[in-house]
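See below for the structure under consideration.
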Amino acid sequence: MYNETQGLVNKTVRPCRIKKNAMIIKINEVGYWSGLAAFTAVVSYDVVQILQVVGVLQFPVDEILIYGTSLCIVIPFMLEILAFHHLTAKDKQFWTHASLIFTIIYAVFVIANYVVQLATVIPSKLNNASEAILVLEQTPHSMFWNYDAIGYISMGLATLFAIPALGKLGFERWVRISFIAHVLVTPLITVVYFYPTYSHKLLFLGFPWAITAPVFMLLLAIMLRRRQVESV
């Protein structure tokens with residue numbers, strides 16, 4: 001026997017489910033492509049940093065590319081973590097919410113730094129007016145050097161708090177391992193930033209970051225892509 005009330009409820013529920021699934025797919029797509037963009041930006045930064053250290057790139061090209069590629073990481077990475085938060089089960093969203101908070105802290109500090117370097121410091125140097133903006137220049141242990149440090153330590157904390165929201169089986173296990181690896185590298189970059197005497201040799205201590213950062217961003221993006229396929 002056909003129940004008219006039940007039929008009406010089913011007709012109402014189905015469009016809602018379709019809309020919800022469509023929204024999930026859109027969030028996954030944003031997370032996936034944002035993750036790929038963040039991965040590409042980090043790899044580009046890595047290449048530029050190596051070229052600067054070996055002397056291939058000189059001022060102002062080296063600084064423009066270093067700060068420019070670093071700036072390109074921020075928004076995609078923030079959107080990737082935002083998508084991850086919204087696609088995580090409710091009982092684990094405390095951890096992704098904490099991760100998102102530290103991602104925003106990272107974004108605030110590094111954007112402030114890179115915009116100042118690109119829009120103020122580098123043009124002033126090119127116009128031989130660098131003395132007027134010395135306090136703004138990112139040099140070891142300067143104010144904006146510390147901004148950069150807080151930013152990337154916050155990124156490490158973002159990955160730390162995200163770990164409980166990642167599964168221990170299947171592909172998510174590898175994503176979890178990549179996050180743990182990045183967390184373990186964070187103390188190394190902390191030493192690079194805050195060790196009393198800076199040198200290029202000290203910079204190599206932070207080299208593992210150049211591997212763990214793009215890897216965890218890429219694996220997270222792939223994980224979101226797999227969730228998209230599963231949700232269809």
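The values are calculated or read from the model by the stated rules, or taken from the named source; none is laboratory data. As the structure is a prediction and not an experimental result, all values here were calculated from the model. Ideal geometry is used to build each Cβ from the backbone, glycine not excepted, and the neighbour counts take in all protein chains shown.
Some observations on this one:
- Figure legend. Inter-residue proximity from region 53-67: first residues under 12 Å from Gln117 (Cα atoms), second residues charged (D, E, K, R), beta-carbon distance below 8 Å, spacing 6+ or different chains. Indicated pairs: Pro60/Lys125.
- Residues in region 31-65 that are of a type in the set (Val, Ile, Thr), modelled with pLDDT of 95 or more and surrounded by fewer than 21 Cβ atoms within 10 Å (Cβ to Cβ): Thr40, Val43, Val47, Val56, Val61, Ile64.
- Region 193-224: number of residues that are in contact with a Gly (Cβ under 7 Å, 6 or more places away or on another chain) and modelled with pLDDT of 95 or more: 4
- Verdict on Thr96 being part of a helix (DSSP H, G or I), in contact (Cβ under 8 Å) with a residue 60 or more places away in the chain and β-branched (Val, Ile, Thr): yes
- Options Ser199, Ser154; residue that is more than 20 Å from the chain's Cα centre (by Cα), of a type in the set (Gly, Ala, Ser) and over 17 Å from Thr88 (Cβ atoms): Ser199
- Among the residues listed as Ala132, Ala112, the single one being over 14 Å from the mean Cα position of the chain (by Cα), surrounded by fewer than 19 Cβ atoms within 10 Å (Cβ to Cβ) and over 20 Å from Leu79 (Cβ atoms): Ala132
- Sole exception among (1) touching a residue at least 40 places away in the same chain (Cβ under 8 Å); (2) surrounded by 15 or more Cβ atoms within 10 Å (Cβ to Cβ); (3) under 26 Å from Val61 (Cα atoms) for Ser178, by number: (3)
- Residue match in region 47-66 (condition: in contact with a His (Cβ under 7 Å, 6 or more places away or on another chain), within 27 Å of Ile222 (Cα to Cα) and not basic (Lys, Arg)): no
- Failed criterion for Arg227 (all others in (1) modelled with pLDDT of 95 or more; (2) surrounded by 15 or more Cβ atoms within 10 Å (Cβ to Cβ) hold): (1)
- Scope region 93-108; condition surrounded by fewer than 19 Cβ atoms within 10 Å (Cβ to Cβ) and either closer than 19 Å to Ile222 by Cβ or aliphatic (A, V, I, L, M) (or both); matching residues: Ala98, Ile101, Ile104, Ile105, Val108
- Selection status of Ala149, under 15 Å from the mean Cα position of the chain (by Cα) and farther than 21 Å from Gly35 by Cβ: yes
- Among residues of region 115-132 that are under 16 Å from Trp145 (Cα atoms), those with a Cβ under 6 angstrom from a residue that is among the polar types (S, T, N, Q), sequence gap 6+ or separate chain, pair up as Gln117/Gln138.
- When residues in region 48-70 are screened for being more than 21 Å from Lys201 (Cβ to Cβ) and in contact with an Asp or Glu (Cβ under 8 Å, 6 or more places away or on another chain), 0 of them pass.
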